Amino acid sequence: MTLSDRAGRAHAALPDEGRRRVVVEGLTPLVDGGRFPAKRVVGDRVVIEADVFADGHDVVVARVRHRAPGSTAWSESPMTPLGNDRWRGEIDVADLGLHHVAVVGWVDAFATWQRDLEKRVRADQDVAVDLLVGAGLVEAAIGRASEPGQRAGLEQAATTLRGAVADATAMALDPELTELMDQVPDRRFETILEPAATIAVDPAHARFSSWYELFPRSTAADPGRHGTLGDVVERLPYVAGMGFDVLYLPPIHPIGRTFRKGPNNQVTAGPGDPGVPWAIGGPEGGHTAVHPELGTLEDVRALVSAAGEHGIRIALDLAFQASPDHPYVLEHRAWFRARPDGSIQYAENPPKKYQDIYPFDFESEDWAGLWQELLAVVRFWVDQGIRIFRVDNPHTKAFPFWQWLIAEIKRDDPDVLFLAEAFTRPKVMYRLAKLGFSQSYTYFTWRTTKHELTEYFEELSSPPASELFRPNVWPNTPDILHEVLQHGGRPAFALRLVLGATLAASYGIYGPAYELAEATPREPGSEEYLDSEKYQVRHWDLERADSLAPLIARVNAARRQHPALQRDDGLAFHDIGNERLIAYSKRTPDGSDLVLTIVNLDPHHVQAGWVELPLEALGIDPERSFEVHDLLDGSTYLWDGPRNYVEIDPAIRPGHVLHVRPRLRTEAEFEYYL
């Protein structure tokens, strides 16, 4: 009888297997301990790291386990020790959807034995008994071998290890035996980090996209006419000519008549006022109907098809709210919040009032019916060919709803993307990203100084934010005309464009207000536009000589041509010795592409400074001069050393977007790059 038997005490339950000695922890990428997926795009090589170690001094082996979407089988790839028990491996993600990743580790008794034996041999010690131990390890491996060739090789090795010491020693240290034993490891006591981490893999344009927003009703060629989706088709060459690959349309549904707003948000509308597109729903239908003056569902499908021929994807606004005239108000009154007087609570953001909009009540008794209906709305538009949704104010709807809806859509259509229009608190924005939103609006509009921009984009381009949050930066929207644009003139629009398009892989502008530098607020101190398209039809002169369209086209061409600008990682800020100048570079992970951007943040005055570059860190030979080629105007400059002088006149240029490259050696090479 053992001491524990004689004690007669109750014991805590033993683990299922107490011989698992390896610890696996510190896995990256990991969002909230694995509760939410990290984000990547198709074709990425994902770096996986973890701490893998055991008690004592035995040799530990670590591998990455990867299960692709739709697969039940795990694949494995080796991990490399980095030091201090940190290991690194890589996986390729070639399929859309949710990938599962884990790390497994085990003690390798044979590798430990082989390591120690080599030390004893070098010390000229007697290893006869040690060779017998090795023979036992090899013999045990024979039972794990699945191929005849493996078994034959192991049997021969075991026989040799039990023979003459000299032959046995040579066999014990033979690399071929090492390779053979690696093929049949003893993994009885392996440790797998549970639960597995997940990685949500999206299409490439989830990381890199250039958005252009317009109001379809303002696209008519002749003034005074309400535009149609057919007019938007005619506008596509213009949008494509500027280099945009996503065309975002505000809601295209019927607009309510009750409490319809007039020009400049007047409470009372006139008989010809078109109303606000976000006041969705009328006698003609609701969220699955098209405003009759814009066209039909067939016109939507035709627009999607025509846009695709120009390399443009259509993004549709997803605004989950209703006008007082929406069919839902009559058929599902329980989906809206009732006031004590029996009326329905309209939308407010005090002191702002939106009497023409009723929010859905996500605490409704019939919340399940509401969720199912809104899911059906998204599926309806997916069936019409819409694969991108810009979601209006998602932070005012229940978090669990978004997690459920996005997962439901992406389960069948993993290429569908959702952009969160959530100008709200940082933790709320990050939570929406965790729940599945592919991209998010940002605070870029209100980050105007060098310090603000540097601090903010260092946060966005580094973990933990970069693992889950993909920024989509906008210098303006129909709701936001920042004071920098109001007071900075055309140069302010130019500099904010260059900043947005080079700091972030995804950006957008609301046009034609942007390229035509529309800068008049509704009243002093307001960020609302005077004569905003939200309330009325506008006609735009796209042929104006002062349009920024040519600059926009050059900026977007640079983005398409340079992979460094198509990512949010690889961003580094550099000292330039002038608070009105900002300098930063972007570099691809393999170092093959490097773009340096320098922008004058002062739209009124010439600014100059000496930019300082960490040449070796950027992969530039400090012993050689190098060229910087301006992607905006085609100029090429020869720079030498880490400090170089820059002077920027905002009346001439907003800044430089410089492709950094080694000095060209021949005239033919020089002409090729130009």
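The values are calculated or read from the model by the stated rules, or taken from the named source; none is laboratory data. These figures come from a predicted structure and were not determined experimentally. Cβ sites come from the backbone with ideal geometry, for glycine too, and all protein chains shown count toward neighbours. Heavy atoms of the whole protein, side chains included, go into the accessibility calculation; ligands, DNA and RNA do not. Shrake-Rupley method; radii C 1.70, N 1.55, O 1.52, S 1.80 Å.
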Report task. For the stretch 58-73, name all the residues that are part of a loop (DSSP other than H, G, I, E, B) and in contact (Cβ under 8 Å) with a residue 12 or more places away in the chain. Result -> ASP58, VAL59, ALA68, PRO69, GLY70
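With respect to VAL232, is the statement that it is modelled with pLDDT of 95 or more and in a helix (DSSP H, G or I) true? Spell out how you get there, then give the answer.
Numbers: modelled with pLDDT of 95 or more: yes; in a helix (DSSP H, G or I): yes.
In short, yes.
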Report task. Among the candidates ALA306, ALA338, ALA347, single out the residue that is closer than 23 Å to PHE418 by Cβ and either open to solvent by less than 50 Å² (accessible area, probe 1.4 Å) or free of Cβ contacts under 8 Å to residues at least 60 places away in the same chain (or both). Result -> ALA347
Query raised in the report: Is one or more of the residues making up the stretch 278-300 farther than 23 Å from VAL391 by Cα, touching a residue at least 40 places away in the same chain (Cβ under 8 Å) and open to solvent by less than 50 Å² (accessible area, probe 1.4 Å)?
Result: no
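From the list ALA166, ALA135, ALA158, pick out the single residue that is surrounded by fewer than 19 Cβ atoms within 10 Å (Cβ to Cβ), outside any loop (DSSP other than H, G, I, E, B) and over 48 Å from the mean Cα position of the chain (by Cα).
Details: ALA135 fails: surrounded by fewer than 19 Cβ atoms within 10 Å (Cβ to Cβ); ALA158 fails: surrounded by fewer than 19 Cβ atoms within 10 Å (Cβ to Cβ).
Only one candidate qualifies: ALA166.
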Query raised in the report: Going by the structure shown, is ALA12 small (Gly, Ala, Ser) and in contact with a Leu (Cβ under 8 Å, 6 or more places away or on another chain)?
Result: no
Query raised in the report: Going through the stretch 434-450 one residue at a time, which ones are free of Cβ contacts under 8 Å to residues at least 60 places away in the same chain and either assigned to a helix (DSSP H, G or I) or open to solvent by 20 Å² or more (accessible area, probe 1.4 Å) (or both)?
Result: TYR443, THR445, TRP446, ARG447
Query - Test result for ALA319, open to solvent by less than 40 Å² (accessible area, probe 1.4 Å), within 29 Å of the chain's Cα centre (by Cα) and under 30 Å from PRO237 (Cβ atoms) - result: yes
**Report entry** Condition check for ASP568: modelled with pLDDT of 95 or more, farther than 27 Å from GLY488 by Cα and not hydroxyl-bearing (Ser, Thr, Tyr)
**Finding:** yes
Query raised in the report: List the pairs whose first member sits in the stretch 128-143 and is in contact (Cβ under 8 Å) with a residue 12 or more places away in the chain, whose second member is open to solvent by 40 Å² or more (accessible area, probe 1.4 Å) and in a helix (DSSP H, G or I), and whose Cβ atoms are under 7 Å apart, counting only residues at least 6 apart or on separate chains?
Result: ALA128/VAL165; ASP130/ARG120; LEU131/VAL165; LEU137/ALA109; ILE142/ARG151; ILE142/GLU155
Query raised in the report: Name the residues in the stretch 382-424 that are in a loop (DSSP other than H, G, I, E, B), in contact with a helix residue (DSSP H, G or I) (Cβ under 8 Å, 6 or more places away or on another chain) and of a type in the set (D, E, K, R), would you?
Result: ASP413
Query raised in the report: Applying the selection to the stretch 479-518, what residues are under 24 Å from the mean Cα position of the chain (by Cα) and aromatic (Phe, Trp, Tyr)?
Result: TYR507, TYR510
**Report entry** Answer residue from the stretch 259-275, given it is touching a Gly at 6+ places or on another chain (Cβ under 9 Å) and part of a loop (DSSP other than H, G, I, E, B) and is farthest from ASN393 (Cα to Cα) among those
**Finding:** GLY270
Query raised in the report: So is GLY634 of a type outside the set (Lys, Arg) and either loosely packed, with under 13 Cβ neighbours inside 10 Å or farther than 15 Å from ILE598 by Cβ (or both) or not?
Result: yes
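The rows are residues; the columns are (1) part of a loop (DSSP other than H, G, I, E, B); (2) open to solvent by 40 Å² or more (accessible area, probe 1.4 Å); (3) touching a Cys at 6+ places or on another chain (Cβ under 7 Å); (4) modelled with pLDDT of 95 or more.
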residue: PRO324; (1), (2), (3), (4): yes, no, no, yes
residue: LEU330; (1), (2), (3), (4): no, yes, no, no
residue: ALA334; (1), (2), (3), (4): no, yes, no, yes
residue: LYS353; (1), (2), (3), (4): no, yes, no, no
residue: PHE362; (1), (2), (3), (4): yes, no, no, yes
residue: GLU365; (1), (2), (3), (4): yes, yes, no, yes
residue: LEU370; (1), (2), (3), (4): no, no, no, yes
residue: LEU374; (1), (2), (3), (4): no, no, no, yes
Query raised in the report: Residues in the stretch 194-204: is at least one assigned to a helix (DSSP H, G or I), surrounded by fewer than 16 Cβ atoms within 10 Å (Cβ to Cβ) and at pLDDT 95 or above?
Result: yes
Report summary line: Within the stretch 274-310, residues being in contact with an Asp or Glu (Cβ under 8 Å, 6 or more places away or on another chain) and at positive phi number 2
Query raised in the report: strands (runs of 3 or more DSSP E) wholly in the stretch 481-595 with at least 1 residues that are of a type outside the set (Gly, Ala, Ser) and open to solvent by 30 Å² or more (accessible area, probe 1.4 Å) - which ones?
Result: 571-574, 581-587
**Report entry** Looking only at the stretch 56-88, and only at residues there that are basic (Lys, Arg) and over 13 Å from TRP106 (Cα atoms), the one that is surrounded by the fewest Cβ atoms within 10 Å (Cβ to Cβ)
**Finding:** ARG88
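Each row is one residue, and each column tells you yes or no for (1) buried (at least 17 other Cβ atoms within 10 Å of the Cβ); (2) small (Gly, Ala, Ser); (3) out of contact with any Lys or Arg (no Cβ under 8 Å at 6 or more places or on another chain).
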position	(1), (2), (3)
LEU453	yes, no, no
LEU460	yes, no, yes
SER466	yes, yes, yes
ASP479	no, no, no
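Suppose we filter ALA111, ALA12 for residues that are of a type outside the set (Asp, Glu) and part of a loop (DSSP other than H, G, I, E, B); which single one remains?
Working: ALA111 fails: part of a loop (DSSP other than H, G, I, E, B).
Only one candidate passes the filter, namely ALA12.
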**Report entry** Every pair of residues 6+ apart whose Cβ atoms lie under 9 Å, when the first sits in the stretch 629-647 and is in contact (Cβ under 8 Å) with a residue 60 or more places away in the chain while the second is open to solvent by 20 Å² or more (accessible area, probe 1.4 Å) and assigned to a strand (DSSP E or B)
**Finding:** LEU631/HIS659; VAL646/GLN607; VAL646/ALA608; VAL646/TRP610
Report task. Kindly establish whether LEU247 is open to solvent by less than 40 Å² (accessible area, probe 1.4 Å) and either out of contact with any helix residue (DSSP H, G or I) (no Cβ under 7 Å at 6 or more places or on another chain) or part of a strand (DSSP E or B) (or both). Result -> yes
Query raised in the report: Being of a type in the set (Val, Ile, Thr) and over 20 Å from LEU497 (Cβ atoms), is that true of even one residue in the stretch 425-438?
Result: yes
